[in-house]
1. By how many degrees, between 0 and 90 and to the nearest 10, does the Cα long axis of helix 134-161 differ from the longest principal axis of the chain?
2. Helix 168-203: angle to the longest alpha-carbon principal axis of the chain, degrees 0 to 90, nearest 10?
3. Heavy atoms only, probe 1.4 Å: what % of the accessible area of the chain goes to carbon and sulfur, would you let me know?
4. Would you kindly state how much longer the chain becomes between Asp21 and Arg130 on full extension, computed as 0.36 nm times their sequence separation minus their alpha carbon distance, in nm to one decimal?
5. Could you let me know the centre-to-centre spacing of region 1-64 and region 114-155, using Cα atoms, in angstrom?
6. In percent, what relative contact order does the chain have, based on Cα pairs under 8 Å that are 6 or more apart in sequence?
7. In Å², and per residue, what accessible area does the chain have when probed at 1.4 Å with the other protein chains present?
8. Tell me the angle of helix 77-119 to the major Cα principal axis of the chain, expressed in degrees between 0 and 90 and rounded to the nearest ten.
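The values are calculated or read from the model by the stated rules, or taken from the named source; none is laboratory data. The model shown is predicted, which means the values in this text are computed figures rather than measured ones. With ideal geometry, Cβ positions are generated from the backbone for all residues, glycine too; neighbour counts draw on all protein chains shown. For accessibility, only protein heavy atoms count, side chains too; no ligands or nucleic acids. Shrake-Rupley method; radii C 1.70, N 1.55, O 1.52, S 1.80 Å.
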Amino acid sequence: MSPRNPLPPPPPPAELQSWPDREARLADRALALDELSRRLLGGARLTLFLLWFLMLELGWGLIGVLLTSLGGPILDPFAMMAGLFAAALGIGVLVPAVWLTIRSLRQDRRVRDRLAQWAALDRHGPTDARLRAPVLSVCWLLLSFAMCGLGLWMGFAVPLGVSRDDGYGLVAYGMGVALILWITGLTGLVKAFGHYRLAVRLTGRRPSLTS
């Protein structure tokens, strides 16, 4: 996280806790859980998730210009030069996108660990109910499931739909698009189900994602 917007600190150990009463502890717990839940599933986090996905697809799409030019039956020098230029731009987009995606996954792990620490501090029905975030959880689940489904479909459709005259470059490009869709969707599914499991442990019963 940015130093200007740090995570809520972890709860102090039991021997150092100095809340005057349980109500004060619950108030601090609610503030921390609300902020951490927003960092994990909020609209800003979902926007970044989609932005990194679009950057991955853009970078791979530019590299695909080179792949399709090399995979054709006739090698066009001008198309190859244009492909090399596009591929250089694509690498310049793809590498930062991969780094930002990995960095976001690491940040999610930190946020989830911090959220679990605050959740284990006490129990409070209204606060714990907000932690379930059913609307946001369903949004993450449906969007990620759609990405996985589209990626899986493309993984089978692209090799079957490309003719021999189109060349293997188009197949490689299409399979790359499918792989990005599949991996991105899978990370979103893991996030949604991980938050659901945390809500189950916290409340002690199986809440519905749509309740």
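1. Its long axis makes an angle of about 20 degrees.
2. In the chain, helix 168-203 runs at an angle near 10 degrees to the longest axis.
3. 70
4. On the way: separation 109, 0.36 × 109 = 39.24 nm, distance 2.24 nm.
Taking 0.36 nm per residue and subtracting the Cα distance, the gain is 37.0 nm.
5. Distance between centres, Cα-based: 13 Å.
6. Relative contact order, the chain: 27 percent.
7. 58
8. 10
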